[in-house]
Amino acid sequence: MILNALDWSIVFGFFMLSLAIGIIAARRAGRNMNEFFLSGRSMPWWLLGVSMVATTFSCDTPTLVTDIIRQNGVAGNWVWWAFLLTGMLTVFVYARLWRRSNVLTDLEFYEIRYSGRPATFLRGFRALYLGVVFNVLIIALVSLALTKISAVMLQWSSTQTLLVASVVTVAYSAFGGLRGVVLTDFFQFALAMVGAIGAAVFVVNLPEVGGLDGLVNHPALAGKLDLLPAVSNTDAFMALLVLPLAVQWWSVWYPGAEPGGGGYIAQRMLSARSERDSMAATLLFNVAHYALRPWPWILVALASIIVYPDLDSLRQAFSGVDPALVKNDFAYPAMLSRLPNGFLGLVVTSLLAAYMSTVSTHLNWGSSYMVNDVYRRFFNPEAGDRELVRAGRLSTIGLMLVSALFTLLLSNALQAFQIVLQIGAGTGLIFILRWFWWRINAYTEIAAMIISFAVALFFQFGYVHTGLPPIGEGLQLVVGVAVTTVGWLAVAFLTPATDPATLREFCRRIRPGGPGWRRVMDEARRDGEELDDGPGAWDVPLGLLAMGVGCVMVYSMLFAVGKFIYGEWVPATVMAVVAAVATGALVRIWPRLRFR
């Protein structure tokens with residue numbers, strides 16, 4: 001497969017557009033940190049929503065989905081579809097609270113919620129832990145997928161791929177700040193979706209596949225098309241559906257699906273014009289991310305099973321590629337190699353766009369931690385705006401360099417996904433409860449991070465030396481959640497509570513309300529201060545209702561699209577009707593939610 005002049009002109013034109021947007025946004029981004037990292041808190045909901053979707057659509061996403069489907073069928077996607085629950089919880093409960101906090105980064109939250117040296121330590125430690133360690137891992141995962149795609153479609157080495165893609169991405173990210181990232185995301189997402197849908201159409205109509213009818217009726221896909229795992233297969237049913245829906249969504253911290261919001265999702269919410277914009281942006285993101293976007297990838301993944309039924313067939317077809325790179329996730333770029341010239345250039349460009357939108361967000365987000373929560377907080381509190389913006393640009397470059405080097409240590413996307421899930425196991429419930437329960441303190445979060453990380457290391461590297469029988473990822477997740485949760489709960493009750501003055505100030509700013517703050521509000525009331533907005537002001541129960549309705553709406557949309565593709569018209573119509581009814585119910589609930 002060779003790209004012709006038309007293909008390369010499309011790729012080159014995209015690079016130039018991305019750089020141009022970064023340069024145009026550079027002047028405004030360079031004014032101060034608020035502009036560089038939050039776009040002056042002036043972004044409209046629709047642009048932020050699209051930016052969130054673009055960020056979570058990287059070139060590793062379709063390769064991860066392909067990896068999952070080739071091993072566990074379409075139903076295997078519940079490992080990430082389950083995160084819709086925490087997404088909808090963020091929409092209807094936490095989006096407004098984050099915007100109300102008015103912090104620059106979500107880590108600044110620690111010193112308005114907790115007190116003393118533990119809060120300061122936690123802010124700095126999390127800045128390094130997330131801003132460097134987690135960011136490097138996620139960028140490396142995304143870069144790994146790009147190296148596999150370019151090995152097939154461009155015949156480039158990993159070093160060559162990382163050099164070209166990194167230079168362009170770093171350039172417009174460092175120039176334009178978050179505004180440049182968000183504006184570029186809009187065009188990148190449109191291009192990425194056109195490429196994904198077009199690729200799916202071409203691949204499904206390959207002679208070996210035979211169109212949609214040939215795909216859904218092919219014997220190689222027997223059992224792979226089911227949207228839910230079979231109840232009769234107890235192990236698969238528990239691991240693929242029950243555990244993600246019952247445990248994973250609330251207990252695991254994962255970038256883009258943090259319980260209670262956080263990370264680059266919080267960064268987008270904090271840059272919104274208002275609480276309403278923050279909530280609307282996050283809703284748009286969840287609808288597009290789970291209901292509208294997955295099916296083009298799913299179709300290509302299913303077709304790959306027909307064309308390349310096992311890894312040996314992939315290795316034989318791409319004998320010139322390093323065999324270490326040829327895992328199940330390699331099947332996605334392998335299928336794209338069948339595309340015709342002209343459209344091939346568009347698809348290559350769409351995958352580059354998906355890569356750059358994700359990496360640019362992680363670079364700006366990680367840089368915000370390095371500058372606001374490490375450099376300014378601990379090393380130079382008096383730094384001026386120009387110095388802080390310069391530090392942001394330098395840290396952007398540094399994060400990309402470290403991530404590129406780490407990329408070479410990974411072998412497949414699902415491996416990294418499982419490592420990230422295990423490291424965050426058990427910490428999610430803290431991020432949900434800390435807004436609504438005064439007893440959670442800084443020591444609680446520190447303990448949870450240490451315990452979950454230790455458990456993850458044990459399962460990844462130490463368990464094989466214990467002599468105990470092997471256990472699957474599902475059981476590892478449950479054990480990790482249980483051990484971590486018991487540990488941080490014990491620490492919450494055994495360590496000193498947060499300073500009462502800090503708790504009261506948090507209530508004044510956020511107005512969280514609810515029974516978890518009753519003790520703090522009662523004590524303030526005895527001192528003549530009212531921290532409650534009055535009867536009926538606490539609308540979290542209404543938010544939870546909206547969360548449930550929103551999940552029904554999105555899952556129904558997801559199932560409806562799938563059933564239409566499969567040609568199952570009756571269940572598809574039923575699911576579409578359910579989605580419409582849920583949408584109507586959500587429209588009625590929305591005005592009853594309280595905004596400040």
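Please go through the stretch 2-20 and pick out each residue that is of a type in the set (A, V, I, L, M, F, W, C), within 17 Å of Ser350 (Cβ to Cβ) and in contact with a helix residue (DSSP H, G or I) (Cβ under 8 Å, 6 or more places away or on another chain).
From the stretch 2-20, those of a type in the set (A, V, I, L, M, F, W, C) are 2-3, 5-6, 8, 10-12, 14-17, 19-20; that's our starting set.
With the extra rule that they be within 17 Å of Ser350 (Cβ to Cβ), the set shrinks to 3, 6, 8, 10-12, 14-17.
Across the stretch 2-20, the qualifying residues are Leu3, Leu6, Trp8, Ile10, Val11, Phe14, Phe15, Leu17.
Would you check if there is a residue in the stretch 517-534 being under 30 Å from Ala582 (Cβ atoms), in contact with a Leu (Cβ under 8 Å, 6 or more places away or on another chain) and at pLDDT below 95? Spell out the reasoning first.
So the first thing to find is which residues in the stretch 517-534 are under 30 Å from Ala582 (Cβ atoms), and the list is 533.
If we keep only those that are in contact with a Leu (Cβ under 8 Å, 6 or more places away or on another chain) too, we end up with none.
No, the stretch 517-534 contains no residue that is under 30 Å from Ala582 (Cβ atoms), in contact with a Leu (Cβ under 8 Å, 6 or more places away or on another chain) and at pLDDT below 95.
Output the residue which, of all residues in the stretch 476-507 that are touching a Lys or Arg at 6+ places or on another chain (Cβ under 8 Å) and among the β-branched types (Val, Ile, Thr), is farthest from Ser251 (Cα to Cα).
We begin by selecting, within the stretch 476-507, every residue touching a Lys or Arg at 6+ places or on another chain (Cβ under 8 Å); these are 492-493, 497-498, 502, 506.
Those left that are additionally among the β-branched types (Val, Ile, Thr): 498, 502.
On the way: Thr498: 23, Thr502: 27 Å.
Applying the filter and picking the extreme gives Thr502.
Taking only the stretch 300-351 into account, find how many residues are in contact (Cβ under 8 Å) with a residue 60 or more places away in the chain, open to solvent by less than 40 Å² (accessible area, probe 1.4 Å) and part of a loop (DSSP other than H, G, I, E, B).
5
For the stretch 489-584, please list each of the helices (runs of 4 or more DSSP H) lying entirely inside it that holds at least 2 residues being open to solvent by 20 Å² or more (accessible area, probe 1.4 Å), aromatic (Phe, Trp, Tyr) and under 21 Å from Gly260 (Cβ atoms). Before you say what the answer is, go through the steps one by one.
Values: elements: 500-510, 518-526, 540-566.
Filter on the stretch 489-584 gives an empty set.
How about the stretch 225-263: which of its residues are buried (at least 19 other Cβ atoms within 10 Å of the Cβ) and among the acidic types (Asp, Glu)?
Once the filter is applied, which keeps residues that are buried (at least 19 other Cβ atoms within 10 Å of the Cβ) and among the acidic types (Asp, Glu), the stretch 225-263 yields only Glu258.
So Tyr110 ticks every box in (1) buried (at least 24 other Cβ atoms within 10 Å of the Cβ); (2) under 16 Å from the mean Cα position of the chain (by Cα) but one. Which box is left unticked?
The one condition Tyr110 does not meet is (2).
If a residue must be under 15 Å from Asp106 (Cβ atoms) and either in a helix (DSSP H, G or I) or not hydrophobic (A, V, I, L, M, F, W, C) (or both), how many such residues does the stretch 264-282 contain?
Keep residues of the stretch 264-282 that are under 15 Å from Asp106 (Cβ atoms), which gives 264-272, 278, 282.
From the residues that got through so far, the ones that are either in a helix (DSSP H, G or I) or not hydrophobic (A, V, I, L, M, F, W, C) (or both) too are 264-271, 278, 282.
Qualifying residue count, the stretch 264-282: 10.
Among the residues of the stretch 459-479 satisfying the criterion of being open to solvent by less than 70 Å² (accessible area, probe 1.4 Å) and of a type outside the set (Gly, Ala, Ser), which is modelled with the lowest pLDDT?
That would be Tyr463.
Condition check ((1) under 30 Å from Asn34 (Cα atoms); (2) under 29 Å from the mean Cα position of the chain (by Cα); (3) in contact (Cβ under 8 Å) with a residue 24 or more places away in the chain; (4) surrounded by fewer than 17 Cβ atoms within 10 Å (Cβ to Cβ)) across all residues:
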| site | (1), (2), (3), (4) |
| --- | --- |
| Gly180 | yes, yes, yes, no |
| Leu183 | yes, yes, yes, no |
| Met193 | no, yes, yes, no |
| Ala196 | no, yes, yes, no |
| Ala199 | no, yes, yes, no |
| Phe202 | no, yes, yes, no |
| Gly210 | no, no, no, yes |
| Gly223 | no, yes, yes, yes |
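Tell me the residue from Val79, Val164, Val168, Val103 that is out of contact with any helix residue (DSSP H, G or I) (no Cβ under 7 Å at 6 or more places or on another chain), of a type in the set (A, V, I, L, M) and either open to solvent by 10 Å² or more (accessible area, probe 1.4 Å) or not in a helix (DSSP H, G or I) (or both), please.
Val164
Can you list the helices (runs of 4 or more DSSP H) lying wholly within the stretch 370-433 that have 3 or more residues being modelled with pLDDT under 85?
Details: elements: 385-407, 413-423, 428-433.
Passing ranges, in order: 385-407, 413-423.
Out of all the residues in the stretch 337-361, which are of a type outside the set (Ser, Thr, Tyr) and in contact with a Gly (Cβ under 9 Å, 6 or more places away or on another chain)? Even if it seems obvious, please write down each step before you answer.
So in the stretch 337-361, the residues of a type outside the set (Ser, Thr, Tyr) come out as 338-348, 351-354, 356, 359.
Selection gives Leu339, Phe343, Leu346, Val347, Val348, Leu351, Ala353, Ala354.
Would you check if Ser357 is more than 14 Å from Ala196 (Cα to Cα), without any contact (Cβ under 8 Å) to a residue 40 or more places away in the chain and among the hydroxyl-bearing types (Ser, Thr, Tyr)?
On the way: more than 14 Å from Ala196 (Cα to Cα): yes; without any contact (Cβ under 8 Å) to a residue 40 or more places away in the chain: no; among the hydroxyl-bearing types (Ser, Thr, Tyr): yes.
No, not satisfied.
Report yes if Ser232 is polar (S, T, N, Q) and more than 16 Å from the chain's Cα centre (by Cα), otherwise no.
Here the answer is yes, as Ser232 does meet what is asked.
Under 6 Å by Cβ, and 6 or more places apart or on different chains, what pairs join a residue from the stretch 493-504 that is touching a residue at least 12 places away in the same chain (Cβ under 8 Å) with one that is of a type in the set (Gly, Ala, Ser)?
Correct list of pairs: Thr498/Ser115; Asp499/Ser115; Thr502/Ser115; Arg504/Ala524.
Working only within the stretch 129-161, note down all residues that are more than 19 Å from the chain's Cα centre (by Cα) and either among the polar types (S, T, N, Q) or at pLDDT 80 or above (or both). Lay out the reasoning, then the answer.
Here is the first cut: in the stretch 129-161, the residues more than 19 Å from the chain's Cα centre (by Cα) are 147-161.
Passing the criteria: Thr147, Ser150, Gln155, Ser157, Ser158, Thr159, Gln160, Thr161.
Return yes when Trp297 is touching a Pro at 6+ places or on another chain (Cβ under 6 Å) and at pLDDT below 90 and no when it is not.
Taking the combined requirement at face value, the residue does not satisfy it.
In the stretch 145-154, is there at least one residue being open to solvent by 20 Å² or more (accessible area, probe 1.4 Å), out of contact with any Pro (no Cβ under 9 Å at 6 or more places or on another chain) and either over 23 Å from Leu47 (Cβ atoms) or part of a helix (DSSP H, G or I) (or both)?
Within the stretch 145-154, one or more residues are open to solvent by 20 Å² or more (accessible area, probe 1.4 Å), out of contact with any Pro (no Cβ under 9 Å at 6 or more places or on another chain) and either over 23 Å from Leu47 (Cβ atoms) or part of a helix (DSSP H, G or I) (or both).
When you go through Ala127, Ala95 one by one, which is the residue that is of a type in the set (Gly, Ala, Ser), in contact with a Ser or Thr (Cβ under 7 Å, 6 or more places away or on another chain) and crowded, with 23+ Cβ neighbours inside 10 Å? Working first, answer last.
Numbers: Ala127 fails: in contact with a Ser or Thr (Cβ under 7 Å, 6 or more places away or on another chain).
The conditions single out Ala95.
The values are calculated or read from the model by the stated rules, or taken from the named source; none is laboratory data. The model shown is predicted, which means the values in this text are computed figures rather than measured ones. Using ideal geometry, Cβ is built from the backbone for each residue, glycine included, and neighbour counts are taken over all protein chains shown. Heads up: the accessible areas ignore ligands, DNA and RNA and are worked out on the full protein's heavy atoms, side chains in. Shrake-Rupley method; radii C 1.70, N 1.55, O 1.52, S 1.80 Å.
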